[in-house]
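The numbers here are math on the coordinates, done by the rules we state, and not lab data. From a predicted model like this one, the values you see are computed outputs, not experimental measurements. As a convention, Cβ positions derive from the backbone with ideal geometry for all residues, glycine included, and neighbour counts pool all protein chains shown.
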RNA sequence: GCCCCGUUCGUCUAGCCCGGUCUAGGACACCUCUCUUUCAAGGAGGAAACAGGGGUUCAAAUCCCCUACGGGGUACCA
């Protein structure tokens, strides 16, 4: 099995593209096949600098790797269509010679005039087809001598000659047989006047030349597949198998997810942060939002595909094992950010602590926090990981560690302090100062004993201590907090509290 | 407009191909309870769907047709 992912470098890859790349990857890996990255940069006017590098970086981050591509080379190089320009022209002319294509000389204005005329006659989307081509300027209507003359002196395009009255059928691996009638098809441009191919020609030629056996792409390509089928026939080439994946839809149901949605939907639509080189505009990415690549890939896999069992959390390896086109959904799938977060959370909880520390590190550094010894850092993260769906949640959950409470406490919190506990605070301070070892277990024992002696419910004691030490009402186990804070920091916070608030006198 | 593809809980989906086992299963989100020093996490439970109409059949979520709705396409863009 040979598959390819063929994005056009017109900007960042969006997550729908990532999913297409993922499905191709899973299939290639599962079957021990080959996976090709091909850059479809045939539209020179839409070229965006940095987009190709972004695509490679994003897929690499996701763990999606290739066997061939512009970044690694391979037997079918080059892998940028702009660098294969000459190949397409040659094949386009061959198609003319075979009677499956023709030259057309119509100017933009002439095409526009044709459309206007037909629209005025009530046609919504005029086509260049079997009916209209007969009165346009092309090698089918012009005398051969004039055609030759124009070819030498004028820009021209090559258009496919769509047969007049035929059913074009193909088998889609996900949808079954799909039928179009050739009268619905128009004579698509194959070779543009700048000498570049259009997608239709380039993809067919390259897929053939590169030995692609399965074309797996988004459903938006379904309507142009009959053109591709005709091209394979015109060339006399064996067709690959086709599979058109259901689209990723916006959560509000307003159509397919697109690059242009940027951050407008309230969640990232890109794998990585992207800064538009022209406008400077920045769009957030999953990586920067604190997702693990495992989480993103797992969620994306489940959007439009379902594994045989009821298991939902998968590693990339497990996805490769479980994936199959037969279980891909036909209908479009709405993106659900909440579920994406939940899946990510599951991966966060499973991640080995060293790798979690690695993943959190950039966020830690970005906050300007000083590095901690690995053991202490890991201990801290253990307190927070179960409270986090994305990486920044972890920093939030251990805020107490790097931000001592602002004193005096605001009255809504100060009101919750237990006076009896406050009164006994100096005594507790003294007791804790001699406590060894300084561990959550011994701290728990000491504090529980102390609460008992005071005759107070444990909850009141702990809430008061929590407020004093962290300034927050909720969070990880207080014993763990004390342990990770350490004796000296804990004592400092208690002392500072006493300084600011004073010890209430018993009346 | 035309063409193509689709339609099971709010969302992702199982079941559909090979009709009965479906009083339609799971997950996210939501609600209740539980565990707990708190917040999470965990555990238990709840509410929640076969788009509509016709057929075929002893029997239809499952097969066929129509309608409605949704999506995609309709460029010298991919």
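Can you list the residues of region A:190-204 with backbone N under 17 Å from a point 7 Å past the Cα of residue A:86, pointing along Cα to Cβ? Zone members listed by number: A:195-197.
Modelled this way, with points 7 Å down the Cα-to-C-beta line, the labels at residue A:336 and residue A:71 are 3.2 nm from one another. Extending 7 Å from Cα along the Cβ direction at residue A:181 and again at residue A:263 yields two label points whose distance is 5.1 nm.
Checking the a/c ratio against 1.5 first, then a/b against b/c, what shape does the Cα gyration tensor give for chain A? In terms of gyration-tensor shape, prolate.
Calculate, for residue A:350 and residue A:141, the FRET efficiency according to 1/(1 + (r/R0)^6) with r their C-beta to C-beta distance and R0 45 Å; round to the nearest 0.05. It comes to 0.10.
Determine the relative contact order of region A:86-191: mean sequence separation of Cα pairs under 8 Å and six or more apart, normalised by residue count, in whole percent.
33
When only Cα pairs below 8 angstrom with a gap of at least 6 residues are kept, chain A shows a relative contact order of 12 percent. For region A:440-458, there are no residues whose amide N sits under 15 Å from a probe point set 7 Å from the Cα of residue A:495 along the beta carbon direction.
Kindly identify region A:64-207 as rounded, prolate or oblate by the Cα gyration tensor criterion: order the square roots of the eigenvalues as a ≥ b ≥ c, call it rounded if a/c is under 1.5, otherwise compare a/b with b/c, prolate if a/b is larger, else oblate.
Judged from the Cα gyration tensor, region A:64-207 comes out oblate (a/c at least 1.5, b/c at or above a/b).
Per DSSP helix of 4 or more residues, -39500 (n - 2.57); summed, then divided by the residues of chain A. What does that give at 222 nm, rounded to the nearest 500? Using -39500 (n - 2.57) per qualifying helix, the result is -13000 deg cm²/dmol. By the gyration tensor of its Cα atoms, with a ≥ b ≥ c the square roots of the eigenvalues, what is the shape of region A:404-507: rounded for a/c under 1.5, prolate for a/b over b/c, or oblate? Verdict is rounded for region A:404-507. Mean separation of Cα pairs under 8 Å and 6 or more residues apart, divided by the residue count, gives region A:181-232 a relative contact order of 37 percent. Between residue A:415 and residue A:320, the C-beta separation translates, for a Förster distance of 56 Å, into a calculated FRET efficiency of about 0.50. Set the Förster radius R0 to 22 Å, insert the Cβ-Cβ distance between residue A:153 and residue A:116 as r into 1/(1 + (r/R0)^6), and round the FRET efficiency to 0.05. It comes out at approximately 0.20.
For region A:175-250 versus region A:321-371, the inter-centroid distance based on Cα atoms is 34 Å.
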